[in-house]
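The structure under discussion appears below in the form of structure tokens.
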Amino acid sequence: MTLRDVRQNPRTIAFFSGFSLPHVGGVETYTRRVAEELVKRGYRVIVVSARYDDGPWKEVVAGIEEIRLPVFPVARSRYPLVKPDRRFFRTMAYLRRAGIERVVVNTRFYVTSLVGAWFGRRLGVPVSLIEHGSAPLTLDSKVLDTGLDVVERVLTRLIRGSVTDVYGVSQAAAAHVQERFGITPAGVWYNSIDLDENDAEASPRPARSRLTVAYVGRVIRQKGVDTLLEAFATVQTELSDRGYDLECVIAGDGAYLPELQERYGRVPGVEFRGRISQSEVHELLARTDIFVYAPVVPEGLPSSLLEAGAAACAVVGTPQGGIVEILRNDETGLVVGSSTSELARALASLIESPERRHRLAQALHAEVLSRFTTARVVDQMERDLRLTDTAPRRQRVLHLLGTDRVSGAENVIITLMELLRDSDFEMTYCSLDGPIRDVLAARDLAFVPLPRLTPAGLRSVLATERVDVIHAHDFKASVVATLVGFRGPIVSHLHSNPGFVKSWNPLSAVFRVACRRFRRVVFVSDEATRGTVFADSIADKVRVIYNVVDRDRVTSLSMERQIPATGVLFLGRLTALKQPRVVVRAVAAASSAVPGLTARLVGDGDRRDECAREIAERGLGDRVFLEGFQDNPFPFVRAARVALMPSTYEGLGLSAIECLALGVPVLNSGAGGLGDLFASHPEFLCATVDEYAAKIVELQDPVVYQAYQDACAEIVEPYADLDRYRRQIRELYE
């Protein structure tokens, strides 16, 4: 099979590991088994690992595309450090073009794992981490282990920010990452084995005089091999005069092997085989009567234990980590303490009872077949990762903002999310946490809190959320979206038109550079594009999409609360730009002609205290009310006879459109987008406090007021076309 052949599969999954076969280890075997099963099911699988020897840089093995990264020569066979040379960057460029849809990272502590997680994050695809251990890393030295703990925590912190979800190879492994690092696992993808047709049924042991006890694995202190050998020596002494012919085979290599050979090499029946091939492991287990796996520290879910179960061996183990998830005492094996005496008693009981050995072996064999085959594990992977979904995957759009409550732009986003609720786009609102959370929850709209509107804050969200498109609202959010390495489309939606865009300065220059990453730049009025210094240079990306109002929704919200009838309404932030004090002065000027005239200022801002002083100085404390910020301002709109918007600048003026939708005339300055909105009805425009006051008085006439209300319906009509707005928003993402 050639590389060209494997590229024909459209669904591509990349595994990143420290090593890959022929380097022998549990993680390498696990990865190969899962990858082969995925290839059988029609996936394209790429395994990326370190080139720890002089093997090929790239090859196809069993349909799996194996790619190896360059590493520094120091300790490359134990802890390979990726070498960022020209070959490395060429390899990563190749992977970026490979159409990878999902990255799976094995373990937290190899540099290759970190590279894989970072690569997946920058590629904008989900990254799953598989935890294989259930205990802290150890070098069997308190001093060294202290330093190793620091290193492990640093590496975990570095990798977790790029990982979408975490799975354990056992429940113990999953619990380990949660208890030690506070990472909530998404599930368990058990360690597994492949079964040949001949393995479907447990084969009886051939009749022979010698009974075999075996261990397969690394020969290090933590594995308890010394305890096994001491227990075997005890049993050998006790049973040899009763006619039992026993052997104990230790298959594996490791730092502890020479010492054990020295101590137990002369014990009758003990044989040290060293490292053996996988086929030799199968041959050994096929004739093994009792398999012992008695580590003294927690384990994930050892492959050799599963292989022993598949070979229908009776198994003795210690209650460490994931071992107890397959060994239930006296049901599928014997679970004993780690002392020599307990292990010796367990061995003796199985040696003297062939019936018990056979019962436990058969039960464990059935357990392995029912729960721990690679096919079953990959079934679970496909369900968890939704790899087998036949329906087209919905595009995930993240609406990014820097606010925590509802105002004009926020209402726009809520409306468009509701308009596209049942479409092929899945919308998520992402902003600072605050009152907006409850507003969205009430409308059953997805919300993800943003810790800060900074690159680091957004990266923390992208590390846990699948995002296909970022729809950034306003200037800061748009620039931040370009600084996180996100590879998908970015839409910049500008709801305002601040002064800095009218000339070249550091801020306008930064935004112009950011525009290179935007698929579309959305303005909310034609006026907003006029005078923007970089508008012509991005003309091919610019779209003008007027804000829209959902009249049914606004009307429904306006009925949620009863507000006393009000003569004048101000709806907006209490800032210098919005000029709320003009409203207070206009009400004061009109009061002599309209006795009992009242006003409500709905909103908050840095000019609140100034407004309060102005109200007090003019003696309007019993008629002009500061209502503060309101989650739902529409009852106040419905209660008003007229609204005032004396702003020195407005984008489009969504608040004006919402007032018009409820039939409330809006007297305004015509600034910014308001000029376009009221271009055909100049009777709504005012320039001075006296003009606002005169219009307030004029609108007390029922005939005049009705004429203004008719004009409201005419003006708002184009901004209430929800179907057109839906089509315009969809075009941004397609």
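Here are the numbers for the structure shown:
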{"item": "Only Lys, Arg (+1) and Asp, Glu (-1) charged, at Cβ; the chain dipole about Cα centre in debye", "result": "1880 debye"}
{"item": "Percent RCO, i.e. relative contact order, over the stretch 506-653, from Cα pairs under 8 Å lying at least 6 residues apart", "result": "29 percent"}
{"item": "In sequence order, calculated HN-Hα J values of the stretch 261-270 (Karplus, 6.51, -1.76, 1.60; Hz; x Gly/Pro)", "result": "4, 5, 7, 10, x, 9, 5, x, x, 7"}
{"item": "Under 28 Å between alpha carbons - lysine pairs in the chain that sit 8 or more apart or on different chains", "result": "9"}
{"item": "Pairwise Cα inverse-distance average, inverted: Kirkwood Rh of the stretch 6-56 (Å)", "result": "11.5 Å"}
{"item": "Amide H contacts under 5 Å for residue 329, placed H, 5+ residues apart", "result": "335"}
{"item": "Size descriptor, Kirkwood hydrodynamic radius, that averages inverse alpha-carbon separations across the stretch 255-414, Å", "result": "19.5 Å"}
{"item": "At 1.002 mPa s and 20 °C, Stokes D of the stretch 567-633 from Kirkwood alpha-carbon radius, µm² per second", "result": "182 µm²/s"}
{"item": "Antiparallel bridges, percent of DSSP beta bridges restricted to the chain (to nearest 5)", "result": "5 percent"}
{"item": "Mean separation of Cα contacts under 8 Å, 6 or more apart, over the residue count of the chain: relative contact order %", "result": "8 percent"}
{"item": "q = 0.11 Å⁻¹: log10 I(q)/I(0) that the Debye formula gives for the stretch 3-188, counting C-alpha atoms only", "result": "-0.46"}
{"item": "Over the stretch 395-544, relative contact order from alpha-carbon pairs under 8 Å, at least 6 apart, %", "result": "20 percent"}
{"item": "Helical contribution to [θ] at 222 nm, DSSP H n ≥ 4, -39,500 (n - 2.57), averaged over the chain, rounded to 500", "result": "-11500 deg cm²/dmol"}
{"item": "Diffusion coefficient, µm² s⁻¹, Stokes-Einstein with Kirkwood Rh over alpha-carbon pairs of the chain at 4 °C and 1.567 mPa s", "result": "42 µm²/s"}
{"item": "Contour minus Cα-Cα distance for residue 352 and residue 266 (0.36 nm per residue)", "result": "28.5 nm"}
{"item": "Other-chain or far-sequence residues with amide H under 5 Å of residue 447's (modelled H)", "result": "429"}
{"item": "Long-range amide H partners of residue 396 with built H, under 5 Å", "result": "426, 468, 469"}
{"item": "Calculated P(r) of the stretch 395-544 - Cα pairs past 20 Å, %", "result": "46 percent"}
{"item": "Mean-position separation - Cα centroids, the stretch 401-418 and the stretch 574-613, in angstrom", "result": "26 Å"}
{"item": "Fraction of beta bridges assigned by DSSP in the stretch 3-188 that are antiparallel (%, nearest 5)", "result": "15 percent"}
{"item": "Rg over Rh, two decimals, the stretch 665-731 (C-alpha only, Kirkwood Rh)", "result": "1.09"}
{"item": "Karplus-derived HN-Hα couplings along the stretch 671-688 (A = 6.51, B = -1.76, C = 1.60, θ = phi - 60°), whole Hz, x at Gly and Pro", "result": "6, x, x, 5, x, 5, 4, 10, 4, 8, 9, x, 5, 7, 8, 9, 10, 10"}
{"item": "Whole-Å semi-axes of the stretch 551-720's equivalent ellipsoid (Cα gyration tensor)", "result": "22, 18, 17"}
{"item": "In Hz, Karplus ³J(HN,Hα) per residue of the stretch 340-346 (6.51, -1.76, 1.60; θ = phi - 60°; x = Gly, Pro)", "result": "4, 5, 5, 5, 5, 5, 5"}
{"item": "Packing-based order for 566-574, 235-243, using average beta carbon neighbours within 10 Å, highest first", "result": "566-574, 235-243"}
{"item": "Sequence ranges 273-281, 526-534, 344-352, 321-329, ranked by mean other-Cβ count within 10 angstrom, highest first", "result": "321-329, 344-352, 526-534, 273-281"}
{"item": "Alpha-carbon centroid distance for the pair the stretch 482-501 / the stretch 222-292, whole angstrom", "result": "66 Å"}
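Rule-based calculations on the coordinates, nothing more; no lab input. In this text the structure is predicted, and so the values were computed from the model without any measurement. With ideal geometry, Cβ positions are generated from the backbone for all residues, glycine too; neighbour counts draw on all protein chains shown.
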